[in-house]
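S.K.: Attaching a single structure in structure tokens format; questions to follow.
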There are 2 protein chains.
Amino acid sequence: MDVELITIGDELLLGFTIDTNAAHLARELASIGIGIRRRATVGDVAVDIVSVVREAIDRTGAVITTGGLGPTSDDLTKPAIASLFGRGMQLDEEHLAWMEQRWQQRFHRRMPESNRAQAMLPEGATKLVNQHGSAPGIWLEDERKRWVAMLPGVPREMRGMLADTLLPILRTRVAASRAATVVRSRTLRTTGVAESQLADQIDPIRDRLGPIALAYLPAPDGVDLRLTIRGVSAAEADTALETAAHLLREHIGRSIYAEGDTDLASVVLDRCRALGLTIAVAESCTGGLLGARLTAIPGSSDVVLGGIIAYANSVKEEFLDVSEAALVKYGAVSEEVVRQMAEGARARTGGAVGIAITGVAGPSGGTPEKPVGTVWISAAFPDGTGAAQLRLIGDREEIRRRATQAALELVRRVLLEKN
Amino acid sequence: MDVELITIGDELLLGFTIDTNAAHLARELASIGIGIRRRATVGDVAVDIVSVVREAIDRTGAVITTGGLGPTSDDLTKPAIASLFGRGMQLDEEHLAWMEQRWQQRFHRRMPESNRAQAMLPEGATKLVNQHGSAPGIWLEDERKRWVAMLPGVPREMRGMLADTLLPILRTRVAASRAATVVRSRTLRTTGVAESQLADQIDPIRDRLGPIALAYLPAPDGVDLRLTIRGVSAAEADTALETAAHLLREHIGRSIYAEGDTDLASVVLDRCRALGLTIAVAESCTGGLLGARLTAIPGSSDVVLGGIIAYANSVKEEFLDVSEAALVKYGAVSEEVVRQMAEGARARTGGAVGIAITGVAGPSGGTPEKPVGTVWISAAFPDGTGAAQLRLIGDREEIRRRATQAALELVRRVLLEKN
């Protein structure tokens, strides 16, 4: 079963908004065995909406749109698509009453007149409940079973409605169709190993992975290995993916830090939690990014004590006991200083693990000896301290992100040896 | 002049990769007066590539594709589009020699055989130089002046080729066309004021903004006001936008913190720099996010000293001199504690401004008195300390981001009064 996806909005087309809805929908639909054949984006222009939806209906007969259901005057989607089905618009009294009540309760004032448009629905439409906003989604279907589902464009509302309402409907349809095949994927995440090196390690066993597409996806965090299988039943897909993932783990297991979209910070936190270790950070060039990444994980407070953003040298000395002598002799970006930072973070906070980063994130500040991208990382444990120098590429944002990733990987590798 | 944009790749269609290329292209093209009428995405399937490109050529006659130029076996774009123009493929000896030399120089080994495909070009194609990778871009044009420009999918390569090669070509074409009109936008950024409240303030002067589309764009950082004008010359557009922006600044100037995509952190840094003030942060629930945001700005080191990630209460006491009594009596999420954190950050680092955040970011940890989203922020200055309680909505990530935004806005508002 294939659908086409149409995202609507000037903001998307003009490039002011990145289209994250399309990716989310694609992943969610794939997980229940629905493929997206094509995706299109048009602006808030009725004639363009009509033509792109018409083409998709003619081609595939199953269309999901996002956007253009809001209260503003550029709300064109509903009447445009209704006209395509030969339907007029009519006021949904029930929804109007619900909206008026909601405004009274939430904002303590009368609903603005402009919001009435949200209660206008195509004749014969089915409402899709929106628990996260005021515009209902719409399901329109003709006598030939061709359908269009219209979802809101606000990501939070779209995601809620998809999960609450549309996916259950589609799941039922998929189950009813005879030969449901799926597209399923698994992602194994690696970091610190070059794509070509991974390929050299995997090539000898490539044939044993079976009918699975293997994609190498390089990104600042490392290379993700995406395994994808299509055209088989859900059970067959899961078995084939499990077998392939197992084989890869046997061969390059140490390089794989997680599956799916799990962040390395989460892996390190889990490992520390299991070992009863707490963490303190000491950050210079990353300025809090490592701490922010660790504490982005819910429940991190039982492992992360906090740490020091030691951007200025005075803070390195005052809060981390970095010696002035080391700063003068070796400079702030040096093995001596990063080790003192990591050990200082441990000693001063009472944490078990100290993680430190200092480097030249650019764009300025580089020298011939320490060009932009030169970063020292260190991890201090109760039984010793390790450090490594990195030569990172990319802009300031990438260098900072790569530095946090490398520091976390250093900790993960050390913890792999500990019981 | 309109073009259509087609992004190609299974990863995009499956939703594993967010399509940032499309947005970047749209903005860059708009800036030289080229509009995007439609955008489409298809997977690495030759028949789909052919049909979507054919439709776009028939409709608009000007098409830009991204993706599918790489060395891997799913490289289908070039031959698919060549077939549409009735062209075969031929080896470009010059490019092959260049690639082989590049491999020797950069990787010190022979180029893999699989890379030869990158040197196969459609007959009669013009190469677009790629300074950031090995796949050249391609320009194909027929006798009716209909054209397709094929760019690589890797964002860095695509952006480089666009700037270096394609934009100059297109700029020449736009200049040659008689009545070049543009689409231009300006964005005024506000935070801490609800969309409806902004609308109430702007409505009385709405008619005086002239022939400009005004969009309210709510996001976790606040509401951006986007002014867009289209169908006029570049000079007319700039004048109209300047007049409208000036009028808005007259009426709601205090609420506008920046233009374009400038981050509030950058505004605060500039203001502090002008006043000779340094900053230190004290972060609990945001765990380093405020520091990371401030230090993401190049050149922040002359203002930001650093600070304390005071996630655990022991760190609040040890490094910020927060009193145990206040923690016990009021709890870590309280006005007393946030003020002590901000003042402690100042006092302990010697910074002029201390900015503190403590709150319940969720998803757990909420209580009836302090539900998830309860956040206290504080800004301490040499002449006094301010604090505010926030009730933020959204998930953990949004709450943390909103908390840093509100803290920065608190500082900005105070600094507005200072000379």
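The values are calculated or read from the model by the stated rules, or taken from the named source; none is laboratory data. Predicted model, so just to flag it, every value in this text is computed and none were measured. All Cβ positions, even for glycine, are placed from backbone atoms using ideal geometry, and neighbour counts span all protein chains on display. Calculation scope for accessible area: heavy atoms of the full protein, side chains included, ligands and nucleic acids excluded. Shrake-Rupley method; radii C 1.70, N 1.55, O 1.52, S 1.80 Å.
S.K.: Chain pair B, A: how much accessible area is buried, both chains summed, with a 1.4 Å probe, in Å² to 100? Working shown, then result.
M.R.: Working: alone 19980 and 20020 Å², together 34730 Å².
Approximately 5300 Å² gets buried when B meets A.
S.K.: Using +1 on the beta carbon of Lys and Arg, -1 on that of Asp and Glu, and nothing else charged, what's the dipole of the protein assembly as shown about the Cα centre, debye to 20?
M.R.: Numbers: 96 positive and 106 negative charges, 42 e Å.
For the protein assembly as shown, the charge dipole is close to 200 debye.
S.K.: Based on the alpha-carbon gyration tensor of the stretch B:133-218 and its eigenvalue square roots a ≥ b ≥ c, which shape applies: rounded if a/c is under 1.5, prolate if not and a/b is larger than b/c, or oblate?
M.R.: It is oblate, given that a/c is not under 1.5 and a/b is not larger than b/c.
S.K.: Pull out a ≥ b ≥ c, the square roots of the eigenvalues of the alpha-carbon gyration tensor of the stretch B:109-169, then state rounded if a/c is under 1.5, prolate if not and a/b is larger than b/c, and oblate in the remaining case.
M.R.: Values: a/c = 2.84, a/b = 1.34, b/c = 2.11.
Oblate, since a/c reaches 1.5 and b/c is not below a/b.
S.K.: Using unit Cβ charges (K, R positive; D, E negative) and no other charged atoms, how large, in debye to the nearest 20, is the dipole of the stretch B:33-180 about its Cα centre?
M.R.: Values: 21 positive and 17 negative charges, 130 e Å.
Using Cβ point charges on Lys, Arg, Asp and Glu, the stretch B:33-180 gives about 620 debye.
S.K.: Measuring from a point 7 Å out along Cα→Cβ, what nm distances, shortest first, does residue B:386 have to its partners in the other copies?
M.R.: 4.8
S.K.: Next question. When ligands, DNA and RNA are left out and all protein chains stay put, how many square angstrom of accessible area per residue does the stretch A:72-137 have with a 1.4 Å probe? Can you show the working numbers first?
M.R.: Numbers: 3660 Å² over 66 residues.
Value returned for the stretch A:72-137: 55 Å² of accessible area per residue.
S.K.: Compute a Gaussian network model of chain A, connecting alpha carbons closer than 10 Å, and tell me which residue from A:61, A:86, A:192 fluctuates the most.
M.R.: Of A:61, A:86, A:192, the Gaussian network model singles out A:86 as fluctuating most.
S.K.: Something else about it: What is the distance in Å between the Cα centres of the stretch A:279-330 and the stretch B:40-116?
M.R.: Here the answer is 47 Å between Cα centres.
S.K.: Can you give the mean number of other chain Cβ atoms that lie within 10 Å of the Cβ atoms in peptide A:5-18?
M.R.: 6
S.K.: So what is the orientation-averaged projected area of the protein assembly as shown, using the convex hull of its C-alpha atoms, in nm²?
M.R.: Numbers: hull surface 149.1 nm².
Taking a quarter of the hull surface, the average projection is 37.3 nm².
S.K.: What value, in deg cm²/dmol to 500, does the helix sum -39500 (n - 2.57) over DSSP H runs of n ≥ 4 give at 222 nm once divided by the residues of the protein assembly as shown?
M.R.: On the way: 30 runs with 334 residues, N = 838.
After summing the helix terms and dividing by residue count, I get -12000 deg cm²/dmol.
S.K.: Taking only the alpha-carbon atoms of the stretch B:307-419, what semi-axes of the equivalent ellipsoid follow from 5 times the gyration tensor eigenvalues under a square root, in whole Å, largest first? Provide the component values of the computation, followed by the final result.
M.R.: Working: eigenvalues 94, 65, 25 Å².
Taking √(5λ) for each eigenvalue gives 22, 18, 11 Å, largest first.
S.K.: Taking the Cβ-Cβ separation of residue A:233 and residue B:55 as r and a Förster radius of 25 Å, what is the calculated FRET efficiency to the nearest 0.05?
M.R.: Values: r = 34 Å, r/R0 = 1.35.
After rounding to 0.05, the efficiency reads 0.15.
S.K.: Moving on. Checking the a/c ratio against 1.5 first, then a/b against b/c, what shape does the Cα gyration tensor give for the stretch B:1-91? Before the final figure, lay out the partial values.
M.R.: Numbers: a/c = 1.87, a/b = 1.23, b/c = 1.51.
Oblate, since a/c reaches 1.5 and b/c is not below a/b.
S.K.: Taking residue A:203 in one copy and the same position in all the others, each labelled 7 Å out along Cα→Cβ, what are the pairwise distances from the first, in nm, shortest first?
M.R.: 6.9
S.K.: At a 1.4 Å probe radius, carbon and sulfur cover how many percent of the accessible area of the stretch B:338-412?
M.R.: Values: 1440 of 2750 Å².
Reported share for carbon and sulfur atoms: 52 percent.
S.K.: How many angstrom lie between the C-alpha centres of the stretch B:169-232 and the stretch A:1-39?
M.R.: Their Cα centres are 26 Å away from one another.
S.K.: Any of A:418/B:316; B:78/B:145; A:316/B:418; A:78/A:127; A:316/B:329; B:78/B:127 with alpha carbons more than 21 Å apart? Name them for me.
M.R.: Working: A:418/B:316 31 Å; B:78/B:145 19 Å; A:316/B:418 31 Å; A:78/A:127 12 Å; A:316/B:329 32 Å; B:78/B:127 12 Å.
Cα-Cα > 21 Å for A:418/B:316; A:316/B:418; A:316/B:329; rest within.
S.K.: Just to be sure I understand the model, the point goes 7 Å from the Cα along the line to the Cβ. What's the resulting residue B:127 to residue A:46 distance in nm?
M.R.: 5.1
S.K.: Build a GNM of chain B with springs between Cα atoms under 10 Å: which of B:402, B:110, B:37 gets the top mean-square fluctuation?
M.R.: The residue that fluctuates most here is B:110.
S.K.: Thinking of chain A as a set of Cα atoms, what percent of all their pairs are more than 38 Å apart?
M.R.: Numbers: 36903 of 87571 pairs.
Distances greater than 38 Å cover 42 percent of the Cα pairs.
S.K.: Two decimals, Cα atoms only, Kirkwood Rh: what is Rg/Rh over the stretch B:93-250? Could the numbers behind the result be given before it?
M.R.: Numbers: Rg = 23.4 Å, Rh = 19.9 Å.
Over the Cα atoms of the stretch B:93-250, Rg/Rh equals 1.18.
S.K.: Among A:12, A:376, A:266, which residue has its Cα positioned farthest towards the positive end of the charge dipole of chain A, with +1 placed on the Cβ of Lys and Arg, -1 on the Cβ of Asp and Glu, and the dipole taken about the Cα centre?
M.R.: A:266
S.K.: What number in nm² do you get for the stretch A:353-415 if you take the convex hull of its Cα atoms and divide its surface by four?
M.R.: Working: hull surface 16.4 nm².
Orientation-averaged projected area of the Cα hull: 4.1 nm².
S.K.: Across the stretch B:58-130, how large is the tail of the calculated P(r) beyond 14 Å, expressed as a percent of all Cα pairs?
M.R.: Result: 66 percent of Cα pairs exceed 14 Å.
S.K.: Select from the stretch B:284-333 all residues whose loss of accessible area on going from the chain by itself to the full protein assembly reaches 40 Å² or more (probe 1.4 Å).
M.R.: Those are B:292, B:295, B:298, B:305, B:307, B:309, B:311, B:319, which lose 40 Å² or more relative to the chain on its own.
S.K.: Just A:284, A:300, A:196 to compare: in a GNM of chain A, with alpha carbon springs under 10 Å, which one fluctuates most?
M.R.: Among A:284, A:300, A:196, the largest mean-square fluctuation in the Gaussian network model of chain A belongs to A:196.
S.K.: Follow-up. Over the stretch B:277-344, what portion of Cα pair distances is larger than 20 Å, expressed as a whole percent?
M.R.: Details: 647 of 2278 pairs.
Result for the distance tail: 28 percent.
S.K.: Going toward the positive end of the dipole of the stretch A:43-195, with +1 on Lys and Arg Cβ and -1 on Asp and Glu Cβ, which of A:155, A:82, A:112 do you reach last?
M.R.: Ranked along the dipole, the leading option is A:155.
S.K.: Could you tell me the relative contact order of chain A? Use alpha-carbon pairs under 8 Å, at least six residues apart, and round to a whole percent.
M.R.: Relative contact order here is 10 percent.
S.K.: At 1.4 Å probe size, with every protein chain present, just tell me what the per residue accessible area of the stretch A:319-366 comes to in Å². Intermediate values should be presented prior to the final figure.
M.R.: Working: 1780 Å² over 48 residues.
For the stretch A:319-366, the per-residue accessible area is 37 Å².
S.K.: A follow-up question, please. Calculate, for residue A:146 and residue B:169, the FRET efficiency according to 1/(1 + (r/R0)^6) with r their C-beta to C-beta distance and R0 41 Å; round to the nearest 0.05. Working shown, then result.
M.R.: Values: r = 42 Å, r/R0 = 1.02.
Plugging the Cβ-Cβ distance into 1/(1 + (r/R0)^6) gives 0.45.
S.K.: List every DSSP H helix in chain A whose Cα atoms extend 15 Å or more along the helix's own long axis and whose mean Kyte-Doolittle hydropathy is at least 0.0.
M.R.: On the way: long enough: A:20-31 (17 Å, -0.12); A:46-59 (20 Å, 0.65); A:93-107 (21 Å, -1.65); A:234-252 (26 Å, 0.02); A:264-275 (17 Å, 1.05); A:335-349 (21 Å, -0.86); A:396-416 (30 Å, -0.39).
For chain A, where a helix must reach 15 Å along its axis and average at least 0.0, the hits are A:46-59, A:234-252, A:264-275.
S.K.: Right, next: Quote the relative contact order of the stretch A:205-255 in percent (integer), defining contacts as alpha-carbon pairs under 8 Å separated by 6+ residues. Don't skip to the answer; put the middle values down first.
M.R.: Numbers: 39 pairs, mean separation 16.0, N = 51.
Rounded, it is 31 percent for the stretch A:205-255.
S.K.: Okay, next question. Starting from a label point 7 Å past Cα on the Cβ side, list the distances from residue A:231 to the same position in the other copies, nm, shortest first.
M.R.: Computed spacing set for this position: 5.0 nm.
S.K.: Could you work out the local net charge near residue B:415, counting Lys and Arg as +1, Asp and Glu as -1, over the other residues with Cβ closer than 13 Å to its Cβ? Numbers along the way, then the final one.
M.R.: Values: positive: B:254, B:271, B:273, B:412, B:413, B:418; negative: B:270, B:383, B:409, B:417.
So the environment of residue B:415 carries a net charge of +2.
S.K.: Same structure again: Specify, for chain B, the residue whose C-beta is closest to the rotation axis mapping it onto chain A, with the distance given in whole Å.
M.R.: Chain B residue with minimal Cβ-axis distance: B:288, 2.
S.K.: Given the convex hull of the Cα atoms of the stretch B:98-139, what is a quarter of its surface area in nm²? The partial results should precede the final answer.
M.R.: On the way: hull surface 12.3 nm².
The orientation-averaged projected area of the Cα hull of the stretch B:98-139 comes to 3.1 nm².
S.K.: Same structure, new question: Taking H as built 1.01 Å from N, whose amide H comes closer than 5 Å to the amide H of residue A:92, not counting residues under 5 places away?
M.R.: Under 5 Å from the amide H of residue A:92 lie the amide H atoms of A:120, A:121, each far enough along the sequence or on another chain.
S.K.: Only four residue types carry charge here, +1 at the Cβ of Lys and Arg and -1 at the Cβ of Asp and Glu. Report the dipole size of the stretch B:240-335 about the Cα centre in Debye, rounded to the nearest 20.
M.R.: In total the dipole reaches around 100 debye.
S.K.: How high is the relative contact order of the stretch B:195-351, given as a whole-number percent (alpha carbon pairs under 8 Å, six or more residues apart)? Kindly include the intermediate steps, with their values, before the conclusion.
M.R.: Values: 160 pairs, mean separation 24.3, N = 157.
About 15 percent, as a whole number.
S.K.: Apply the Debye scattering formula to the stretch A:245-377, with a single equal point scatterer on each alpha-carbon and no solvent, then give log10 I(q)/I(0) at q = 0.10 Å⁻¹.
M.R.: -0.38
S.K.: Quick check: convex hull over the Cα atoms of the stretch B:170-226, volume per residue in Å³, rounded to an integer?
M.R.: Cα-based convex hull of the stretch B:170-226, divided per residue, equals 94 Å³.
S.K.: Let me ask something else about it. Set the Förster distance to 35 Å, then compute FRET efficiency between residue A:259 and residue B:114 from the Cβ-Cβ distance, nearest 0.05.
M.R.: 0.80
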